[in-house]
Amino acid sequence: QECSKKQKNDDTQSTSVDPLSSNDGIEEKDEFHTLANAKILLSDCLACDNCMTSEEGARVFQQNQKELFRILNLNKKCDTSKHKVLAVSVCPQSLPYFAAKFNLSVNDAAKRLCGFLKSLGVHYVFDTTIAADFSILESQREFVQRYQRRNQEEHALPMFASACPGWIRYAERVLTNLVTSHICTAKSPQQIMGSLVKGYFARQQNLSPDKIFHVIVAPCYDKKLEALREDFYTALYNSQEVDCVLTSGEIVQIMEQKNVSMKDVTEVAVDSLFDEIKEGDVVRHDGKRSDGYLEHIFKHAAKELFGVDVKEITYKALKNKDFQEVTLEKDGETVLRFAAAYGFRNIQNMVLKLKKGKFLYHFVEVLACPGGCLNGKGQAQTEDGKPDKALLNQMEEVYAAIPVRLPETNMHVQKMYQDWLEGMDSKKVQETLHTKYSAVNQTASNLDIKW
């Protein structure tokens, strides 16, 4: 079976939907109507087209600028009962894109992006780094538990990271039970941020979750698919944890259509989930091009399982720069073997080894994009859909220069575990920060898909 992702991004091979095509006749014209014309190509999404139902495709296409402006316009009308609190959460891998594209420092880019969004009518702008803190901490704990159960449970190891929705989609729809039982159950940072905004923040503000419209700004289109998952929906409030995902590039489209430059926008401090506190300087996690699951889990496991303090991690590139491994040796024996596998070619090779029983790794950080999250197809692309290598190099330099903060040192996170989640081992932690991945709607029964 030939994977449809090998197709080129051209009109003969891509399905596009004009978000203005429905209800145009009855839709009011307003100050935002010209901003909703951007089209989304299905081939922009990393998930295989063959894996998407028509219903899912339609719902993905609803997640565009038009939906944001629908809420902005709703808030301008007199019927306050229909007004929504508009919250936007920005992924840390999106900020280097804005910084590099507009030649700003990453801190200036964060504040100017916040200023621009608030000038549109957004009420709160958050940084999703705190959600990644939770995701990494839960992944660390789960890996240690799986390692300790490795001789009792067949599927305890290896453990695969769960933060990339393109990888998760492929695993659930194509790889099925061979892989899904090995995927870490910790939610991705995006969906934990959804729980924080619609759960913790809503409670702090005395708001019903359905009164908040939550937008994520992310590097890739697959985040739109992730937001639609049934397990991230609260039936009681008829509310998704994330209502809409816009890529970094789609935000720039809005700026261009409004003739706004980031450099002309007033700087506004990014909001915090906690009272009236504002965020300080931008921080990130260990890891060159991602949220750093491999590095954080490796160091934590080395300390917890073997009493070894790892200060610096040495990567060994294997077949290519997007497949690298890290090992820990103790008393002449390799006790931990981790890998980073980025891009579908490396993912496919990794899975074939798993199928043949020749898999040596305890943990793999899997990302669908070659080069990692900074290279998401929602940013750093040229007009013909190819990676903008010069811009990507700048983004990597910007990202590498951001100071690292360990998740364990975030006092807000520790306090929330106790005050909001009722302790680190509580049932509420499992319900709020974890999910389950399983095979669904198989579209291929073999692993011979050509990438």
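What are the residues in region 245-276 that are among the polar types (S, T, N, Q) and either touching a residue at least 40 places away in the same chain (Cβ under 8 Å) or open to solvent by less than 40 Å² (accessible area, probe 1.4 Å) (or both), if any? Quick ask: steps written out before the conclusion?
Looking only at region 245-276, we keep the residues that are among the polar types (S, T, N, Q), and these are 247-248, 253, 257, 259, 261, 266, 272.
Matches in region 245-276: Thr247, Ser248, Gln253, Gln257, Ser261, Thr266, Ser272.
Of the residues in region 139-175, how many are small (Gly, Ala, Ser) and free of Cβ contacts under 8 Å to residues at least 24 places away in the same chain?
In the first step, residues of region 139-175 are kept if they are small (Gly, Ala, Ser); the result is 139, 156, 161-163, 166, 171.
Still in the list and also free of Cβ contacts under 8 Å to residues at least 24 places away in the same chain: 156.
Qualifying residue count for the region: 1.
May I ask you to say which residue of Gly199, Gly194 is open to solvent by less than 10 Å² (accessible area, probe 1.4 Å), under 20 Å from the mean Cα position of the chain (by Cα) and touching a residue at least 12 places away in the same chain (Cβ under 8 Å)? Before the answer, list the steps.
Working: Gly199 fails: open to solvent by less than 10 Å² (accessible area, probe 1.4 Å).
Every option except Gly194 fails the conditions.
Within region 277-310, restricting attention to residues that are of a type in the set (Val, Ile, Thr) and more than 30 Å from Ala368 (Cβ to Cβ), which residue is least open to solvent (accessible area, probe 1.4 Å)? Full working, then the answer.
Start the filter on region 277-310 by keeping residues that are of a type in the set (Val, Ile, Thr), which leaves 277, 282-283, 297, 308, 310.
From what's left, more than 30 Å from Ala368 (Cβ to Cβ): 277, 308.
Details: Ile277: 81, Val308: 40 Å².
If we take residues in region 277-310 being of a type in the set (Val, Ile, Thr) and more than 30 Å from Ala368 (Cβ to Cβ), then Val308 is least open to solvent (accessible area, probe 1.4 Å).
Just to verify a result, which residue in region 327-355, among those that are more than 21 Å from the chain's Cα centre (by Cα) and surrounded by 21 or more Cβ atoms within 10 Å (Cβ to Cβ), is farthest from Leu294 (Cα to Cα)?
Val351
Just need a number here: residues in region 401-411 that are exposed (fewer than 13 other Cβ atoms within 10 Å of the Cβ) and part of a helix (DSSP H, G or I).
So the answer is 3.
Looking only at residues that are surrounded by 15 or more Cβ atoms within 10 Å (Cβ to Cβ) and more than 15 Å from Leu86 (Cβ to Cβ) in region 234-244, which one is farthest from the chain's Cα centre (by Cα)?
First, the residues of region 234-244 that are surrounded by 15 or more Cβ atoms within 10 Å (Cβ to Cβ): 234, 239-244.
Adding the requirement that they be more than 15 Å from Leu86 (Cβ to Cβ) leaves 234, 241.
Numbers: Thr234: 20, Glu241: 13 Å.
Among those that are surrounded by 15 or more Cβ atoms within 10 Å (Cβ to Cβ) and more than 15 Å from Leu86 (Cβ to Cβ), it is Thr234.
The values are calculated or read from the model by the stated rules, or taken from the named source; none is laboratory data. Note that the structure is predicted; figures quoted are calculated from it, not measured. Because the Cβ atoms are built from the backbone with ideal geometry, glycine has one as well, and the counts that use them run over all protein chains shown. With ligands, DNA and RNA removed, areas are computed over all heavy atoms of the protein, side chains included. Shrake-Rupley method; radii C 1.70, N 1.55, O 1.52, S 1.80 Å.
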